[in-house]
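Participant: Can you keep this structure in mind? I'll have questions shortly.
The values are calculated or read from the model by the stated rules, or taken from the named source; none is laboratory data. Predicted model, so just to flag it, every value in this text is computed and none were measured. Neighbour counts run over all protein chains shown; Cβ positions are idealised from the backbone, glycine included.
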Amino acid sequence: MKLLSVLVLMLALVGCNMDDFVGGGSSFQHGQAAPSVKTKTLADVGGDLSKITSYRYPDPRMYQISFDDALKENKPIVLEFATPGHCTQCDKQLQLLKEMMNVYQDKVIFLHMDQYYNPEAYDAFQVRGEPWTFILDAQGKVEVVYPGRILYQEIDPVLADLTGKVG
């Protein structure tokens, strides 16, 4: 019975954060071109945020543009795979990215992919488990992939480097 309880707990945790588990996740490497995939935008769902994210406090800026169109903007992209409807770490991750959006404003495109509403993106990026953060350079190539939750101190230097931000 104890072993069964441990297995159930492990399965529950796998759905939220793959940091400490072997297997799953994405196989994208630094310098690899990101796959172009059309993702839903606010326009596609008539402006109804509840049809594009399970996040309680979504920022509409994260849903303005499809990923395939974002690639054409020649700006760095932060692509967040998170389904806060079943992942508390995802909720915290999205809070951080909303703050990062205020810092980097129009220099970086921030996109949130919720598994319930953009499963095609999860498949294209081979994402299993959550959250996962992909940072792409202005040419759409993978700069960094973070499995699990990231900290401000981890993401800020990468974005500063990609945008030429000083201090």
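Participant: Taking segment 111-151 as the region of interest, how many residues are touching a Leu at 6+ places or on another chain (Cβ under 6 Å) and either closer than 25 Å to residue 56 by Cβ or of a type in the set (Phe, Trp, Tyr) (or both)?
Facilitator: So the count comes out to 2.
Participant: List every residue pair whose Cβ atoms sit under 7 Å apart, with the two residues 6 or more apart in sequence or on different chains, where the first one lies in segment 142-166 and is farther than 25 Å from residue 91 by Cβ and the second, anywhere, is of a type in the set (Val, Ile, Thr).
Facilitator: Within 7 Å, the pairs are 163/108.
Participant: Something else: Which condition number in (1) more than 18 Å from residue 28 (Cα to Cα); (2) modelled with pLDDT of 95 or more; (3) within 10 Å of the chain's Cα centre (by Cα) is the one that residue 51 fails?
Facilitator: Of (1) more than 18 Å from residue 28 (Cα to Cα); (2) modelled with pLDDT of 95 or more; (3) within 10 Å of the chain's Cα centre (by Cα), only one is false for residue 51: (3).
Participant: Still on this structure: Being modelled with pLDDT under 95, more than 15 Å from the chain's Cα centre (by Cα) and part of a helix (DSSP H, G or I), is that true of even one residue in segment 14-22?
Facilitator: Yes, there is a match, as at least one residue in segment 14-22 is modelled with pLDDT under 95, more than 15 Å from the chain's Cα centre (by Cα) and part of a helix (DSSP H, G or I).
Participant: From 128, 61, which residue is under 23 Å from residue 148 (Cα atoms) and in contact (Cβ under 8 Å) with a residue 60 or more places away in the chain? Spell out how you get there, then give the answer.
Facilitator: On the way: 61 fails: in contact (Cβ under 8 Å) with a residue 60 or more places away in the chain.
When all the criteria are applied, what remains is 128.
Participant: Please tell me if residue 160 is surrounded by 19 or more Cβ atoms within 10 Å (Cβ to Cβ) and either within 29 Å of residue 46 (Cβ to Cβ) or of a type outside the set (Ser, Thr, Tyr) (or both).
Facilitator: Numbers: surrounded by 19 or more Cβ atoms within 10 Å (Cβ to Cβ): no; either within 29 Å of residue 46 (Cβ to Cβ) or of a type outside the set (Ser, Thr, Tyr) (or both): yes.
It is false that residue 160 is surrounded by 19 or more Cβ atoms within 10 Å (Cβ to Cβ) and either within 29 Å of residue 46 (Cβ to Cβ) or of a type outside the set (Ser, Thr, Tyr) (or both).
Participant: If you don't mind, another one. When you scan segment 103-118, do you find a residue that is surrounded by fewer than 19 Cβ atoms within 10 Å (Cβ to Cβ), within 12 Å of the chain's Cα centre (by Cα), at pLDDT below 95 and farther than 21 Å from residue 37 by Cβ, even just one?
Facilitator: Taking segment 103-118 first, the residues surrounded by fewer than 19 Cβ atoms within 10 Å (Cβ to Cβ) are 103, 105-107, 116.
Within this subset, residues satisfying the condition of being within 12 Å of the chain's Cα centre (by Cα) are none.
Looking for residues that are surrounded by fewer than 19 Cβ atoms within 10 Å (Cβ to Cβ), within 12 Å of the chain's Cα centre (by Cα), at pLDDT below 95 and farther than 21 Å from residue 37 by Cβ, one finds none in segment 103-118, hence no.
Participant: Considering each of 137, 106, 156 in turn, give the residue that is closer than 18 Å to residue 66 by Cα, touching a helix residue (DSSP H, G or I) at 6+ places or on another chain (Cβ under 9 Å) and of a type in the set (Asp, Glu).
Facilitator: None of the others qualify; the one that does is 137.
Participant: Sticking with this structure for a sec: Could you tell me how many of the residues in segment 58-88 are surrounded by fewer than 16 Cβ atoms within 10 Å (Cβ to Cβ) and either under 14 Å from the mean Cα position of the chain (by Cα) or modelled with pLDDT under 95 (or both)?
Facilitator: So the count comes out to 3.
Participant: Could you pull out the residue among 148, 140, 164 that is within 14 Å of the chain's Cα centre (by Cα), at positive phi and either modelled with pLDDT of 95 or more or not β-branched (Val, Ile, Thr) (or both)? Give the derivation first.
Facilitator: On the way: 140 fails: within 14 Å of the chain's Cα centre (by Cα); 164 fails: within 14 Å of the chain's Cα centre (by Cα).
148 is the lone residue from the list that is within 14 Å of the chain's Cα centre (by Cα), at positive phi and either modelled with pLDDT of 95 or more or not β-branched (Val, Ile, Thr) (or both).
Participant: When segment 84-101 is examined, which residues are found to be aliphatic (A, V, I, L, M) and either under 9 Å from residue 131 (Cα atoms) or touching a Pro at 6+ places or on another chain (Cβ under 8 Å) (or both)? Even if it seems obvious, please write down each step before you answer.
Facilitator: Kept after step one, since they are aliphatic (A, V, I, L, M), are these residues of segment 84-101: 94, 96-97, 100-101.
Correct list: 94 only.
Here is a yes/no grid of residues against (1) assigned to a loop (DSSP other than H, G, I, E, B); (2) within 25 Å of residue 51 (Cβ to Cβ):
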{"site": "89", "(1), (2)": "no, yes"}
{"site": "92", "(1), (2)": "no, yes"}
{"site": "101", "(1), (2)": "no, yes"}
{"site": "110", "(1), (2)": "no, yes"}
{"site": "117", "(1), (2)": "yes, yes"}
{"site": "138", "(1), (2)": "yes, no"}
{"site": "156", "(1), (2)": "no, no"}
{"site": "159", "(1), (2)": "no, no"}
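Participant: Continuing with this model, one more query. If you take the residues in segment 27-48 that are surrounded by 15 or more Cβ atoms within 10 Å (Cβ to Cβ) and part of a loop (DSSP other than H, G, I, E, B), which one is modelled with the lowest pLDDT?
Facilitator: The qualifying residue modelled with the lowest pLDDT is 28.
Participant: Right, residue 147: of a type outside the set (Gly, Ala, Ser) and surrounded by fewer than 20 Cβ atoms within 10 Å (Cβ to Cβ) or not?
Facilitator: Values: of a type outside the set (Gly, Ala, Ser): yes; surrounded by fewer than 20 Cβ atoms within 10 Å (Cβ to Cβ): no.
So residue 147 does not fit the description; no.
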